[in-house]
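The values are calculated or read from the model by the stated rules, or taken from the named source; none is laboratory data. Every value quoted in this text rests on a predicted model; they were computed, and no experiment measured them. Here the Cβ positions follow ideal geometry from the backbone for every residue, glycine too, while neighbour counts run over all protein chains shown. Only protein heavy atoms, including side chains, enter the accessible area calculation; ligands, DNA and RNA are left aside. Shrake-Rupley method; radii C 1.70, N 1.55, O 1.52, S 1.80 Å.
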Amino acid sequence: YGEVYNLDILNQTEIENLIKDIKPDCIFHLAAQSSVALSWKRPQLTVDINVKGTVNLLEALKNVEYKGRVLLIGSGEEYGVIKEKECPITEENLLRPGNIYAATKACQNLLGGIYARAYGLDLMMVRAFNHVGPNQIPQFVVADFCSQVAAIEKGKQTPEIHVGNLSATR
């Protein structure tokens, strides 16, 4: 699988130095503030990480003349409310971000396209939907349900899964 390196996405010099040091064949840009709820509470933080952080990465790629492929992870949230006649969703669907997080991911996608065309960067941009995996915090639904199941199995919670408002449409 590859190594994981920690750095400050808001520090362009750190990004440039890491790319120069390890000379990766490809980069998966997953650095993000990915909570919709937190994006409403901390919009500046969300913009800093998701937009400014992406610009820092793109500038670093340009400055070091990076030739590898980069995957920018967007979000299905960029589509916002989907009309029935628009299904199935395609990349040509109109973007209607309905929250701060979604708007920052749409901006990341637009910036990626601009940098790819202007500087010949090999960028792949996706609008991924739910991500799940080990160590995901229970702030996200699948991780929350799994955490509850584990607590039930250990006898630390009554055998009942607690959920949010299942009738909410937004």
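Annotations for the structure displayed:
- Residue in the stretch 34-42 that is among the aliphatic types (A, V, I, L, M), within 15 Å of the chain's Cα centre (by Cα) and under 15 Å from GLN108 (Cα atoms) present: no
- Any chance VAL51 is modelled with pLDDT under 95, out of contact with any Pro (no Cβ under 7 Å at 6 or more places or on another chain) and of a type in the set (A, V, I, L, M): no
- Scope the stretch 117-170; condition surrounded by 13 or more Cβ atoms within 10 Å (Cβ to Cβ), touching a helix residue (DSSP H, G or I) at 6+ places or on another chain (Cβ under 8 Å) and of a type in the set (Phe, Trp, Tyr); matching residues: TYR119
For every residue, the table says whether it meets (1) small (Gly, Ala, Ser); (2) touching a Leu at 6+ places or on another chain (Cβ under 6 Å); (3) open to solvent by 60 Å² or more (accessible area, probe 1.4 Å).
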position: LEU7; (1), (2), (3): no, yes, yes
position: GLU16; (1), (2), (3): no, no, no
position: HIS29; (1), (2), (3): no, yes, no
position: ARG42; (1), (2), (3): no, no, yes
position: VAL47; (1), (2), (3): no, no, no
position: LEU57; (1), (2), (3): no, no, no
position: GLU77; (1), (2), (3): no, no, yes
position: LYS83; (1), (2), (3): no, no, yes
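- Checked against the criteria, GLY53 does not count as open to solvent by less than 70 Å² (accessible area, probe 1.4 Å) and either charged (D, E, K, R) or closer than 24 Å to VAL141 by Cβ (or both).
- Of the residues making up the stretch 59-73, none is farther than 15 Å from VAL126 by Cα, among the hydrophobic types (A, V, I, L, M, F, W, C) and open to solvent by 50 Å² or more (accessible area, probe 1.4 Å).
- Tally of residues being touching a Ser or Thr at 6+ places or on another chain (Cβ under 7 Å), assigned to a loop (DSSP other than H, G, I, E, B) and open to solvent by 30 Å² or more (accessible area, probe 1.4 Å) across the stretch 85-116: 0
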